[in-house]
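Down below is the structure, laid out as structure tokens.
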Amino acid sequence: MALSKDGLRKLYRKRAAAYDFTANLYYLIGFREAAYRKKAVAALALEPGDTVVEIGCGTGLNFEYLRRKIGETGRLVGVDLTDAMLQQAARRVNRKGWRNVELIKADAAEYDFPEPVAGVISSFALTLVPEYEAVIERGSRALGKKGRMVVLDFKLPEKWPFRLVKFFELITKPFGVSLDLADRKPWRTMKSCFPNVSITELYGGLVYIAVGRHNR
Ligand SMILES: C[S@@+](CC[C@H](N)C(=O)[O-])C[C@H]1O[C@@H](n2cnc3c(N)ncnc32)[C@H](O)[C@@H]1O
């Protein structure tokens, strides 16, 4: 069964301190998470001075890449359910001396986006949110004229043998990702919320980047 919000919070409280280290361990199996993050951030096409919201920001592993795009004059808002993950994010922000990053403890399902924003991004988080469809709808409405929404996440790879899928379930389960979530399909919601959506599959189809844009 998919974890409840309380279950996810408890899990991520346990994972928070070592999260960045464990995320790097996936490199051992060729999972180039930093490259996927950079690709997702590039797809937002942000400019200096832009406002960007990250849903399920965790410890802030995307912040450096986002900040490089929006510069000192932009605004970055990180939203997450788990206090301990946000504490790690706050340590990163303080260590780097970033002044334009706001951290908000909230359930994405209840978060009110500031408007207008130039970008909304979520990486490896949206599938964990049962109300992801409503989150994508609200995110898409919050975008300004040139705004884009980018989702980087896991999905069930179509052509993989079941045993390989089960292996990946084993190694992603410590983060609440399991086959119980396979019927959540954020990329489909992106297609219904945006007239322009491009989808790129990575890591043999286990990961995708969906980029949504309006025709404004
Ligand atoms: C796998 S981590 C990903 C963190 C970060 N985005 C990254 O790429 O490293 C999933 C994050 O989603 C957060 N999360 C789960 N459910 C959420 C919800 N309903 N609202 C906001 N954040 C949520 C968790 O607290 C956790 O920090």
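Readers should treat all values here as calculations from the given coordinates under stated rules, not as data from a laboratory. Predicted model only: the values in this text are computed from it and were never measured. Virtual Cβ from ideal backbone geometry, glycine too; neighbours counted across all protein chains shown.
Only one of the listed residues (Val101, Val117, Val79) is touching a helix residue (DSSP H, G or I) at 6+ places or on another chain (Cβ under 8 Å), closer than 26 Å to Lys155 by Cβ and more than 9 Å from the ligand (Cβ to nearest atom). That residue is Val117. Just one of the listed residues (Glu54, Glu115) is of a type in the set (Asp, Glu), under 19 Å from Gly212 (Cβ atoms) and surrounded by 23 or more Cβ atoms within 10 Å (Cβ to Cβ), namely Glu54. Restrict the check to the stretch 127-140 and report whether at least one residue is surrounded by fewer than 22 Cβ atoms within 10 Å (Cβ to Cβ), farther than 22 Å from Lys38 by Cβ and of a type in the set (A, V, I, L, M). Yes, the stretch 127-140 contains at least one residue that is surrounded by fewer than 22 Cβ atoms within 10 Å (Cβ to Cβ), farther than 22 Å from Lys38 by Cβ and of a type in the set (A, V, I, L, M).
Considering only the stretch 142-165, I want to know if a residue exists there that is within 30 Å of Leu25 (Cβ to Cβ), among the β-branched types (Val, Ile, Thr) and within 15 Å of the chain's Cα centre (by Cα).
The initial filter retains those residues of the stretch 142-165 that are within 30 Å of Leu25 (Cβ to Cβ), namely 149-165.
Subsequent filtering for residues that are among the β-branched types (Val, Ile, Thr) retains 150-151, 165.
Narrowing further to those that are within 15 Å of the chain's Cα centre (by Cα): 150-151.
Within the stretch 142-165, one or more residues are within 30 Å of Leu25 (Cβ to Cβ), among the β-branched types (Val, Ile, Thr) and within 15 Å of the chain's Cα centre (by Cα).
Pairing each residue of the stretch 147-159 that is of a type in the set (A, V, I, L, M, F, W, C) with any residue that is assigned to a loop (DSSP other than H, G, I, E, B), provided the two are 6+ apart or on different chains, yields C-beta distances under 8 Å for Met149/Phe194; Val150/Leu44; Leu152/Phe124; Phe154/Phe124; Phe154/Val177; Phe154/Leu206; Leu156/Ala182. Taken together, Ala18, Ala23, Ala42 contain a single residue that is within 11 Å of the ligand (Cβ to nearest atom) and either in a helix (DSSP H, G or I) or surrounded by 13 or more Cβ atoms within 10 Å (Cβ to Cβ) (or both), which is Ala23. When Thr127, Thr59 are checked against the criterion of being touching a residue at least 40 places away in the same chain (Cβ under 8 Å), more than 7 Å from the ligand (Cβ to nearest atom) and β-branched (Val, Ile, Thr), Thr127 stands alone in meeting it.
The numbered conditions (1) over 21 Å from Ile136 (Cβ atoms); (2) more than 17 Å from the chain's Cα centre (by Cα); (3) near the ligand (Cβ under 10 Å from one of its atoms) are all true for Leu3 except (1).
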